[in-house]
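Encoded as structure tokens, the structure appears first; notes follow it.
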Amino acid sequence: MTMNDLIMHNLIQLISTHTGIQIRKQDYKDFCNKIYSRLKILKLNTPEQYYEVLLKVSQLQSVSYKENDSINEWKELVMLLTIGETYFFRDRGQINLIKNKILPELITKNRNNCHKNKDKKPCLKIWSAGCSSGEEPYSLAIIVKQLIPDLSDWNILILGTDINPESIEKAQEGIYDSWSFRQVEPQIQKQYFHQRKMRWEVDRQIRKLVKFRCMNLSQEAFPNQFDLHNIDIIVCRNVFIYFNSVAIATVLEKFYQTLIPGGYLIAGHTELHGQNLGQLQPIIFPGSVVYQRSENLQVASSSGSNSSASKLLLKSDSPQENTSIKQKSVLNLNSSKNVMQTPTQGRSLSQNPAPETAYQSVLKQAEIFFHSGEYARAIQAAKQVILLQPKHFDAYFLTAQAWANLGESEQAIQYCQQALQVDNLSEKAYYLLAHIAEEKGDKEQAKALFKKIIYLTPSSIGAYLEISSIYAKEGDIDRAKKMLNTALELLNNLSAEEYVESYHKITASELLLQVKAILSTFK
Ligand SMILES: C[S@@+](CC[C@H](N)C(=O)[O-])C[C@H]1O[C@@H](n2cnc3c(N)ncnc32)[C@H](O)[C@@H]1O
């Protein structure tokens, strides 16, 4: 299905304003299909009519999601556009940071403040914003339960919110299948969940700590005088990936106002890299960067009025180093080099490697940057992966591809070679090197590299076609034909409908026709 540019643009704009969700260029086709699937269900004839339906609803901003039928359409659309993928104790690095560092610090501080102010009970408020089906706030509740033995003497709020009402219903139900437990130690699962046939229900003690409600982060006003003010920790992970930068900046400002001074915002790895952080202060721990609302308002407003100029504070994992490092280590956010070369950071990382999930999330983000054409940011993120995992082939290769797309062939070659040091049998790294060589006019080198690919994978149709094309350009028609004929033989061994490796979505029969057509021009 296709849609005219104007209505596509209007729909994308409206969705962005209403939800903060950004539709990326590479997702346009998929987006179109989703819109047409809604048209069919609603029995509407044109995308323009659908736009009118959405527009009407987006003007009723203060109406709650369940009060108006037409609001359901936004609900349906958002469900189509976002993915609620989540699981318990997701991202071990961040979870350990919360459990071993951030929460103990806040618990001690809030307990002391309570004594000082002679309040009845100390408070702790945690908000999981964009919590999907609730695994994240329940994980936080389990940690709180582990850390505060005298829970009944505390006022605790753990709030989970999400734009998707179905996710919130599931969260309130609190019953999960085994896939949600893929990162959970069996002993924790046993202690805090009860088996219900093939599924597991969250223990009542934990459920009591957590409240859920539906909420659109882009549209709703917060802080508010009810629950959303003076929050100690806001966890908002894997949500900003859907947002445009304006929406991110708006939500960050609201988060800032909603945090208690000294409170923390924890986002997914690199989700806020390069974003306008407002007055939030980035602090680097070995496992993750987190963002703090400064205790000292004067410092916050003078040092952090805009993102790129914001300063990074480095924190060490070792408790005794923590306080002094906060004062002595102030680096520029833009200088990833500084971040990587900081001795404290380097030492902590090598002593205490981040868990697998940390670098996987960063790599995922790097891939997202790469696929949306943000190559410089992809390189930055991939470099962080390399820092955490110095033998990570995909990180080197992604960096090489990003440099190549930026036209920096020397950098691309260097990273490709580093990728090959990790895996010297990688076809795709040789392909990239060969293409760079060709681009630079070094045909001999390009042919040698394609031959290397054939040596590694004798059935590599792509490599035969590439060498044939070089021979043809050199006027060596005999050799060009020979290579094409070998490619033909290999194609004949595939079944007609089979996709040819490294030729996305081209079937063997289609490529066969093309190769025959080229061969016929040689006669
Ligand atoms: C991938 S899940 C993240 C779940 C959890 N935070 C985690 O990291 O495992 C992203 C969630 O963000 C929610 N979301 C997307 N846009 C939102 C918005 N404007 N307001 C609130 N939630 C939103 C989606 O409904 C989805 O459940």
Checklist entry - In region 72-119, which residue that is of a type in the set (Val, Ile, Thr), open to solvent by less than 60 Å² (accessible area, probe 1.4 Å) and more than 16 Å from the ligand (Cβ to nearest atom) is farthest from Ile41 (Cα to Cα)? => result Ile107
Checklist entry - Can you name the residue in region 203-221 that is more than 16 Å from the ligand (Cβ to nearest atom) and not basic (Lys, Arg) and, of all such residues, is least open to solvent (accessible area, probe 1.4 Å)? => result Ile206
Next on the checklist: If a residue must be hydrophobic (A, V, I, L, M, F, W, C), open to solvent by 10 Å² or more (accessible area, probe 1.4 Å) and either in a helix (DSSP H, G or I) or within 16 Å of the ligand (Cβ to nearest atom) (or both), how many such residues does region 123-161 contain?
Outcome noted: 2
Checklist entry - Leu55: at pLDDT 75 or above and within 15 Å of the ligand (Cβ to nearest atom), yes or no? => result no
Next on the checklist: For the structure I just gave you, tell me whether Gln401 is open to solvent by 60 Å² or more (accessible area, probe 1.4 Å) and either part of a helix (DSSP H, G or I) or within 29 Å of Asp27 (Cβ to Cβ) (or both).
Outcome noted: no
Checklist entry - Among the candidates Ser469, Ser495, Ser459, which residue alone is farther than 22 Å from Glu427 by Cα, under 43 Å from the mean Cα position of the chain (by Cα) and at pLDDT below 90? => result Ser495
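The values are calculated or read from the model by the stated rules, or taken from the named source; none is laboratory data. Since the model is a prediction, treat every value here as computed from it, not as a measurement. Glycine gets a Cβ as well: all are built from the backbone with ideal geometry, and neighbour counts include every protein chain shown. These accessible areas exclude ligands, DNA and RNA; they are computed on the full protein's heavy atoms, side chains included. Shrake-Rupley method; radii C 1.70, N 1.55, O 1.52, S 1.80 Å.
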